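Asker: Have a look at this one.
The values are calculated or read from the model by the stated rules, or taken from the named source; none is laboratory data. The structure presented is a predicted model; accordingly, all values stated were derived computationally and were not measured. All Cβ positions, glycine included, derive from the backbone under ideal geometry; neighbour counts span all protein chains shown. Areas reflect the complete protein model, heavy atoms only, side chains present, ligands, DNA and RNA absent. Shrake-Rupley method; radii C 1.70, N 1.55, O 1.52, S 1.80 Å.
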There are 2 protein chains.
Amino acid sequence: MSTDVVSGEPSRLRADARRNRERILRTALRHFSQHGIDASLDDIAREAEVGAGTLYRHFPSREALLAAALEGRQKELLGGAQQAREIADAGAALSAWLAALQDYLRSFNGLPAPVLAAVKQQGSPLCLSCNALVALTGEFLDRAQQDGHARRTVTANELFLSALGLAWVLDRAETCGTSRQALEKVLAHGYLSTPPDVAPDGGASGASQVG
Amino acid sequence: MSTDVVSGEPSRLRADARRNRERILRTALRHFSQHGIDASLDDIAREAEVGAGTLYRHFPSREALLAAALEGRQKELLGGAQQAREIADAGAALSAWLAALQDYLRSFNGLPAPVLAAVKQQGSPLCLSCNALVALTGEFLDRAQQDGHARRTVTANELFLSALGLAWVLDRAETCGTSRQALEKVLAHGYLSTPPDVAPDGGASGASQVG
DNA sequence: ATGCTATATGGAGACGGTCTCCATATCCAG
DNA sequence: CTGGATATGGAGACCGTCTCCATATAGCAT
């Protein structure tokens, strides 16, 4: 185990292997961007001038390749999170985070699906980052709840899944007569006009962690 | 040459053709139920004891077969709509309709995707029923808005798309630590606790445009 | 019945995607 | 330079979609 945790990971690779890995990754990024997450893996291998076997050796599954190709975008998202953290108003911070999250989820067409899959089944290469995403959502949600901006009965998981659903709809429907803002607003305020949580029992504690 | 194209539709089929059509439909219903909307069409043909060509002659695309297989469920849904109509409270009626809609969308795993696709692009065999679904949603939403139960700025399209997103999430995540009810509640009330639509000034008209 | 033709059928096969396997090529430590 | 560990490519197995057309059949006219 001489894997360098700090420098990323692939240090024990032979020089040619590392070169190929990079080529594949660059090509994959382009193809996923252009054709969505269902881009043909053999096409990617071909255009990276690499055999299919080589691609599959480096990235055993589509998800693994996807996860690797998303690394850059994830760093951007983390940057967005940091920026959001610096916003004083907790409501605005939450909103900024959710916007950044939406942007991330739109990196590739169809991305919401594997992300959702990763949320539910452990073991996916996307899973680690997904858990981080839920945790971050929880962080901003907590803050907003403490400040009274967010409803206390909403959990991080629920909010994250709802955001995923929204991203999924937008992924394929943005141009169909309904704008992103409008749907975001529905998610923010709901469709009912009844008072938010008017809990019969004075729901005290709240802000429980997400399981 | 051509017989009356004018008349309705599938009565002009030869007896054997009609028999095969039924076999295919029955088998498809079973397969879609068991394996989701991605069930293998050739498998369906095989189990219906019919050549692949026969299946494709009757149902040129997966969506066409899907639409036909859904007919029964659609009738049920329409029944549900009728029941909802008879509910006096507009909010409860809307809620009942949305519940029925969710049930319908769970007829087959993965159904939300082709439904969303049908919403945006005309010409899909599912399109007709989809338009009806949006219209029905509008009907119940209108009522609820008149009674003050639903926020006035929400449109039928927005609500329907949001419901689709919810169905999509539930389709693949119900068991992952978050319940259907919880997500429905988020959709109903939003995640914010700020007042619903209260305009800064007592603006009455409302109904701000949407993209 | 019988013939006749529009209609319907089956299934072979083209196509394209995923993924595996392993003989061969390449790297690099000693 | 060399040997063994590592990496490579691409042929090909497998599976799903969908088309094409020689053949079979229903059902009308006779």
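Asker: Among the listed residues B:55, B:29, B:77, which satisfies the condition of being near DNA strand D (Cβ under 9 Å from one of its atoms) and of a type outside the set (D, E, K, R)? Before you say what the answer is, go through the steps one by one.
Answerer: Values: B:29 fails: near DNA strand D (Cβ under 9 Å from one of its atoms); B:77 fails: near DNA strand D (Cβ under 9 Å from one of its atoms).
Only one candidate qualifies: B:55.
Asker: Being of a type in the set (Val, Ile, Thr) and buried (at least 22 other Cβ atoms within 10 Å of the Cβ): is that true of residue B:119 here? Give the derivation first.
Answerer: On the way: of a type in the set (Val, Ile, Thr): yes; buried (at least 22 other Cβ atoms within 10 Å of the Cβ): yes.
Yes: the conditions hold for residue B:119.
Asker: Still on this structure: Would you pick out the residues in the stretch B:106-120 that are of a type outside the set (Gly, Ala, Ser) and more than 12 Å from chain A (Cβ to nearest Cβ)?
Answerer: Matches in the stretch B:106-120: B:106, B:108, B:109, B:111.
Asker: So which residues in the stretch A:167-195 are under 28 Å from the mean Cα position of the chain (by Cα), modelled with pLDDT under 95 and in a loop (DSSP other than H, G, I, E, B)?
Answerer: A:174, A:175, A:176, A:177, A:178, A:179
Asker: Scan the stretch A:145-166 and tell me whether some residue there is in a helix (DSSP H, G or I), within 10 Å of chain B (Cβ to nearest Cβ) and hydroxyl-bearing (Ser, Thr, Tyr).
Answerer: Among the residues of the stretch A:145-166, at least one is in a helix (DSSP H, G or I), within 10 Å of chain B (Cβ to nearest Cβ) and hydroxyl-bearing (Ser, Thr, Tyr), which makes the answer yes.
Asker: Has the stretch A:132-142 got at least one residue that is in contact with a strand residue (DSSP E or B) (Cβ under 8 Å, 6 or more places away or on another chain), within 22 Å of residue A:81 (Cα to Cα) and either away from every other protein chain (no Cβ under 12 Å) or surrounded by 24 or more Cβ atoms within 10 Å (Cβ to Cβ) (or both)? Lay out the reasoning, then the answer.
Answerer: Quick first cut of the stretch A:132-142, residues in contact with a strand residue (DSSP E or B) (Cβ under 8 Å, 6 or more places away or on another chain) only: A:141.
In the following step, the residues that additionally are within 22 Å of residue A:81 (Cα to Cα) were identified as A:141.
Subset that is either away from every other protein chain (no Cβ under 12 Å) or surrounded by 24 or more Cβ atoms within 10 Å (Cβ to Cβ) (or both): A:141.
Looking through the stretch A:132-142, at least one residue is in contact with a strand residue (DSSP E or B) (Cβ under 8 Å, 6 or more places away or on another chain), within 22 Å of residue A:81 (Cα to Cα) and either away from every other protein chain (no Cβ under 12 Å) or surrounded by 24 or more Cβ atoms within 10 Å (Cβ to Cβ) (or both).
Asker: Let me ask something additional. Could you grab me the full set of residues in the stretch A:45-59 that are near DNA strand C (Cβ under 8 Å from one of its atoms) and over 19 Å from residue A:14 (Cβ atoms)?
Answerer: Within the stretch A:45-59, just A:52 meets the criteria.
Asker: Further question on the same structure: Mind checking which helices (runs of 4 or more DSSP H) fall wholly inside the stretch A:1-116 and carry at least 3 residues that are open to solvent by less than 10 Å² (accessible area, probe 1.4 Å) and under 22 Å from residue B:168 (Cβ atoms)?
Answerer: Fully inside the stretch A:1-116 and qualifying: A:90-105.
Asker: For the stretch A:31-69, give me each residue that is of a type in the set (Lys, Arg) and touching a residue at least 12 places away in the same chain (Cβ under 8 Å).
Answerer: Pass one, the stretch A:31-69, residues of a type in the set (Lys, Arg): A:46, A:57, A:62.
Selection gives A:62 alone.
Asker: Next question, about the same structure. Does residue A:78 satisfy the condition of being away from DNA strand C (no atom under 11 Å from the Cβ) and under 21 Å from the mean Cα position of the chain (by Cα)? Working first, answer last.
Answerer: Numbers: away from DNA strand C (no atom under 11 Å from the Cβ): yes; under 21 Å from the mean Cα position of the chain (by Cα): yes.
The answer is yes for residue A:78.
Asker: Scan the stretch B:160-182 for residues that are surrounded by 24 or more Cβ atoms within 10 Å (Cβ to Cβ), without any contact (Cβ under 8 Å) to a residue 60 or more places away in the chain and aliphatic (A, V, I, L, M) and jot them down.
Answerer: B:161, B:164, B:169
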